[in-house]
């Protein structure tokens, strides 16, 4: 196999690692250490950078993180907002989903105002780029219903 002719080709993307990490809680321990170590990336360096960039979030919030590892072992990463399910569980006070067979039970309630606030957070996610807030709201509402949350006018 021939070697790349230019430095640019040598620094091309080698692999992508997707992890869910708690804000401010990255360390060289699993899952970060093994996932990055086998690709030749220093997990401690990633953890320092991640913890610095995740300071704007409440500590402990799970954040979707996409790490791009290049052939020269350098990396870059993107931190996405918290998952929709986490935000819905937090807003509704729900931290476990009850399922009996294939039928979901109503396990909690959430107000349209709470759904709107979650939609505003999710609208900052690059995967929702260019979508009107109304469409994001519709997706968040569908997710809430799928989780067994009832949308009520006034949250009790």
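The values are calculated or read from the model by the stated rules, or taken from the named source; none is laboratory data. Computed from a predicted model, the values in this text were never measured in an experiment. In this analysis, Cβ positions are derived from the backbone assuming ideal geometry, glycine residues included, and neighbour counts consider all displayed protein chains.
Listed values, structure above:
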item: Lone unmet requirement of (1) exposed (fewer than 14 other Cβ atoms within 10 Å of the Cβ); (2) modelled with pLDDT under 95; (3) not assigned by TED's automatic domain parsing to the domain that holds residue 125 for residue 45; result: (2)
item: Any helices (runs of 4 or more DSSP H) falling wholly within region 6-94 and containing at least 1 residues that are touching a residue at least 60 places away in the same chain (Cβ under 8 Å); result: 7-10, 84-92
